[in-house]
Structure formats: structure tokens, C-alpha cells
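In what follows, a structure is listed as C-alpha cells, so that the remarks can point back to it.
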Amino acid sequence: MSDVLYVRGGRPLNGSVRVHGAKNSALPILAAALLAPGTSVIRNCPPLSDVEASLAILRHLGCSVRQEGDAVTVDASSPVRCDVPDALMREMRSSVIFLGAILGRMGEAELSYPGGCELGPRPIDLHRKAIQALGGTIQDAGGHLRCSGRLVGREIVLGRPSVGATENAMLAAVAAAGTTVLCNAAREPEIVDLQTFLRSMGASVRGAGSSVVVIEGGRPLHGGEHTVMGDRIVACTYLAAAAAAGGDMTVTGVDPRHLSPVTSVLAEAGCAVRSEEDRVRLTALAPLSGSRPIHTAPYPGFPTDAQPPLMAALAKGTGTTLFVENIFESRYRHVDELVRMGADIRVEGRVAVVCGVPGLHGAAVEASDLRGGAALVVAALGARGESRIGGLRHLDRGYWRLEQALRDLGAAVERTGTRA
Ligand code: EPZ
């Protein structure tokens, strides 16, 4: 029996919520811990299922791992394996981020080809080209990638600013002898967080956050220490929930600059948004109006991960908003479920037209991916009546203690069944 979330909507959300550490920063940082023959301490690392999968990979490789709440200690003094088990690759396709770190530390790496996921095909050609540019040889052996080689620093130009390929290249380059210049690098804040952790290990990395990252590789490394940045997508999700349900909410533990592409849309739709050093306060007292067209794009553009929850908030209101999803091929799977709740949304390829309706009603809906599931929670909080949300295993990948946080903000939310 898998878990179900029951939400009785229509109650405003008031109060303050501290955002947990960023999943998409913790994952590459945990992979990076493998690079140093020492012990690393990583704080604000939420025990999400994707983090648990990464810890399982580190243990499989021979690291000893200790977890106390949201603090993780990784001792990578003596890794003994260089493969990522198929089951873990299937469980979390972003395990491909271990490729650069395993190859950099062990001189060889083996992992099964990460398949596509709910968001569509998830190719890794840019990862492969980056590793090959550094001197790694990659063989395709029946769905398995076998990589080996002594890595040497090079100039690498990514075909597109892929977050994962940027991270894989950085991790491999830290172990490569000499200087690597990574051009057209992704500029996401999580890349900057990874640079900070790598520097704490003694690595020489600069330029993260810009399109050119320079790594002086081959330096001796030691265990690092880092507190993971707040999760900007979780913050955007909470703010979207306040916009949908109404109320006065402050999210803390996050850098407001990381949220600005999203908070500007919520402000345009009629919310009052006030940013301070490590928090954003949103007040929504009237129905939302629409906003200018939302085109998802690499940072600092509008983040694709915030598209589903923002769509859910704008589905109820008086305006019409055009979404263009430029990053993933199939990131509108939450639309059918929102329509079951009374939303008026039409999808044509990468374009979704959201016509605000006066109100949504509760329904039995099913999450089919992580942020699509978040969209259903946002919609249910602003809907009249009760919703039943299934597929919570998707939500558990990226949201820690979601139902408790929402209850503390005044929502009527209950999770039943045994945790899957
Ligand atoms: C990261 O995925 C995030 N995941 C995603 O978050 C996020 O949506 C994405 O970046 C974009 O911001 C993690 O950090 C663990 P990409 P990643 O490589 O690295 C294409 C969430 O909900 N591409 O920047 O896989 C790819 O198909 C998740 O938390 C290639 O063509 O994203 C996609 O269309 C979902 N070849 C685009 O680039 C490649 O070799 C962006 O992908 C790699 C990617």
C-alpha cells in the first residue's frame, strides 16, 4: 500500500517555513566527496530519497557514510569499487553525476546507461564528450558505459549549458592533471555551491556561476566541509502554494536572488513580494491575474523545475498565462491532473495556455514526476474540497517533511498508508 496525501483546500497559508538544503546541490557534492582520500562533512543535506540513493552508491563504492539528521559524514579514504549498480542507476538516473568523480578517483568507471525518465529522453552525450575531451575513453557495452583513462586538463566547450554535464566535467577536471577551461558551462547556483565545496577540499576552481569555469586539476585533496545552500525550487513551491491558497508566508534559509525569475512572475500576478537577506515574504490577498509569457531557460532564466508549481498557482485566477517549456520534452504531465481539478489548460507541443478559472475543486489525482507532484499539492491547497494525491514516491525525492511544513502553515493535510 503506498502513501496518499489528503488535502482539504481553501485554507490560507500563514507563517514562516525554513527551506531545507537543495537536492540538486547535495547530489553533486556527495559525488565530489569521493574525490578526496579523507572525510568530508556535508550539512543541510536533507534525507530525501535521492540523497539516500547517493549515499547507497558511496557505500557501494567502499566509502563509510554516517547520517545524523541532515548532516552527512563521508569517509572516502579507501574506495574499493568503480561501478554504479544498475538498480541504483534505475532508481536515480542523475547518478550519472558519479561518472566524473569515480573516473577521477579510480581511473575507471562503469555504469549502466541512465534511461529516460518521466520528463522525456535524458541523453548524456554532453557528459561523454566532456569526459572524452579530458582523455577518458568510453565504451558502450550493451547498455553499460565502461570508462577509463588518465585524465589531462583541456579546454571543453559544452554544446549547451547542461547542469549535469557541467558538474561531471568539473569533478573529472579536478582530478585531471593540468588546467581545464570549461566553456558554455551552466550558471545555476548549485554549480557555485559545488565550487565552494570543491575549494574546501583543496581544489582550485573558479568562475562557477559564469559561463567559463577554470579548474587547476591534479592537486592533492583532503576531506571538505560545507553547508548546502537552501533549495530554491522548494522555496518557489511554497511561495506558489501561498499564492494559490492565499495568505502571508515567509520562506527562510534561501537566497532571494535565486528566486527572482519566479517571484517576479508572482508579483506581476498580483502577490506582494518582499525579499530580505535570506528570506522572501509573499502575501496573496486577491485572486491572481495572469503574467507575461513564461519561457523556461537555463539560469538565470525561469527554472524549468518551477514551471509545474507556478502553473498550478496560475490555473486559478482571472488571467491567461502562456508557458513555453524549452528544457524538457515532456514536462506537462501534470496538466491532465490539473484539468481534473477544473483547470482550463491547453497544451500544444512545448506550449501550454493556462486560462485562469474562478476556482478549482478537489479530485483524486496521481503524481507522475517530482515537480508535477508538487503542482498537484499547490493546486489542491487552493482548491475547494478534498483532494487525494497518489504517487508520493515522486514527491519524496525532492521534498522533505512537506506535509508537516504545510500543516504548520495552517493547511489541512494528512498523509496515510505505509511509506513506500
Ligand atoms: C538538472 O538536471 C536537475 N537535476 C534538474 O532537476 C533540472 O530540471 C535540470 O538540471 C535543468 O535545470 C539535478 O541537478 C539532479 P541538464 P540535468 O543536463 O543535469 C539536455 C528536478 O526536478 N541534455 O541541464 O539532467 C537534456 O535532455 C530535476 O529536481 C542533452 O541533450 O539537466 C535537457 O533537455 C528535474 N545532453 C537539457 O539538456 C546531455 O548530455 C537540460 O538538461 C545532457 C543534457
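The values are calculated or read from the model by the stated rules, or taken from the named source; none is laboratory data. Keep in mind it's a predicted model, so treat the numbers as computed, not measured. Here the Cβ positions follow ideal geometry from the backbone for every residue, glycine too, while neighbour counts run over all protein chains shown. Protein only, heavy atoms only, side chains kept; ligands, DNA and RNA dropped before computing areas. Shrake-Rupley method; radii C 1.70, N 1.55, O 1.52, S 1.80 Å.
Quick one: in region 140-155, of everything that is more than 26 Å from Ser77 (Cβ to Cβ) and in contact with a strand residue (DSSP E or B) (Cβ under 7 Å, 6 or more places away or on another chain), which residue is nearest to the ligand (Cβ to nearest atom)?
Restricting to residues being more than 26 Å from Ser77 (Cβ to Cβ) and in contact with a strand residue (DSSP E or B) (Cβ under 7 Å, 6 or more places away or on another chain), the top hit is Leu145.
Would region 156-174 turn up any residue that is more than 14 Å from the ligand (Cβ to nearest atom), open to solvent by 10 Å² or more (accessible area, probe 1.4 Å) and not basic (Lys, Arg)?
No, because not a single residue in region 156-174 is more than 14 Å from the ligand (Cβ to nearest atom), open to solvent by 10 Å² or more (accessible area, probe 1.4 Å) and not basic (Lys, Arg).
For region 193-213, what are the residues that are β-branched (Val, Ile, Thr) and surrounded by 17 or more Cβ atoms within 10 Å (Cβ to Cβ)?
Passing the criteria: Thr196, Val205, Val213.
Quick one: would you say Leu30 is open to solvent by 10 Å² or more (accessible area, probe 1.4 Å), within 16 Å of the ligand (Cβ to nearest atom), assigned to a helix (DSSP H, G or I) and of a type in the set (A, V, I, L, M)? Spell out how you get there, then give the answer.
Details: open to solvent by 10 Å² or more (accessible area, probe 1.4 Å): no; within 16 Å of the ligand (Cβ to nearest atom): yes; assigned to a helix (DSSP H, G or I): yes; of a type in the set (A, V, I, L, M): yes.
Criteria not met by Leu30.
Which strands (runs of 3 or more DSSP E) does region 191-254 wholly contain that include 2 or more residues that are closer than 26 Å to Gly135 by Cα?
204-206, 212-217
In region 76-94, how many are crowded, with 19+ Cβ neighbours inside 10 Å and more than 22 Å from Ile138 (Cβ to Cβ)?
1
Just checking: which of the strands (runs of 3 or more DSSP E) contained wholly in region 282-372 hold 2 or more residues that are over 24 Å from Ile389 (Cβ atoms)?
Filter on region 282-372 gives 320-324, 351-355.
Mind telling me which of the residues Val72, Val80, Val51 ends up being within 12 Å of the ligand (Cβ to nearest atom), out of contact with any Ser or Thr (no Cβ under 7 Å at 6 or more places or on another chain) and over 30 Å from Gly349 (Cβ atoms)? Quick ask: steps written out before the conclusion?
On the way: Val72 fails: within 12 Å of the ligand (Cβ to nearest atom); Val80 fails: within 12 Å of the ligand (Cβ to nearest atom).
Only one candidate qualifies: Val51.
Between residues in region 96-118 that are of a type in the set (S, T, N, Q) and residues that are assigned to a loop (DSSP other than H, G, I, E, B), which pairs lie under 7 Å by C-beta distance while being six or more apart or on different chains?
Ser112/Gly143
Hey, among the residues in region 92-124 that are farther than 27 Å from Glu216 by Cβ, out of contact with any helix residue (DSSP H, G or I) (no Cβ under 7 Å at 6 or more places or on another chain) and not hydrophobic (A, V, I, L, M, F, W, C), which one's modelled with the lowest pLDDT?
Here the answer is Gly116.
Among (1) part of a strand (DSSP E or B); (2) crowded, with 19+ Cβ neighbours inside 10 Å, which single condition is Val262 missing?
Result: Val262 fails condition (1) only.
Count, please, the residues in region 175-191 that happen to be more than 12 Å from the ligand (Cβ to nearest atom), more than 10 Å from Val213 (Cβ to Cβ) and open to solvent by 10 Å² or more (accessible area, probe 1.4 Å).
Summing the residues that are more than 12 Å from the ligand (Cβ to nearest atom), more than 10 Å from Val213 (Cβ to Cβ) and open to solvent by 10 Å² or more (accessible area, probe 1.4 Å) in region 175-191 gives 4.
Filter region 315-335 down to residues that are touching a residue at least 60 places away in the same chain (Cβ under 8 Å) and under 19 Å from Ala284 (Cβ atoms) and give me whichever is farthest from the ligand (Cβ to nearest atom). Spell out how you get there, then give the answer.
If we filter region 315-335 for residues that are touching a residue at least 60 places away in the same chain (Cβ under 8 Å), which is where we start, we get 315-316, 328-331, 333.
Next cut, under 19 Å from Ala284 (Cβ atoms) only: 315-316.
Numbers: Ala315: 20, Lys316: 23 Å.
The selected residue is Lys316.
Yes/no matrix, rows are residues, columns are (1) within 18 Å of Lys316 (Cβ to Cβ); (2) under 20 Å from the mean Cα position of the chain (by Cα):
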site: Asp255; (1), (2): no, yes
site: Pro261; (1), (2): no, yes
site: Leu266; (1), (2): yes, no
site: Glu276; (1), (2): no, no
site: Ala286; (1), (2): yes, no
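From (1) within 22 Å of the chain's Cα centre (by Cα); (2) more than 9 Å from the ligand (Cβ to nearest atom), pick out the condition that doesn't hold for Thr137.
Single failed check for Thr137: (1).
Specify the residue that is farthest from Pro28 (Cα to Cα); the eligible residues are those in region 96-131 that are in a helix (DSSP H, G or I) and away from the ligand (no atom under 12 Å from the Cβ).
Across region 96-131, the extreme among qualifying residues is Met106.
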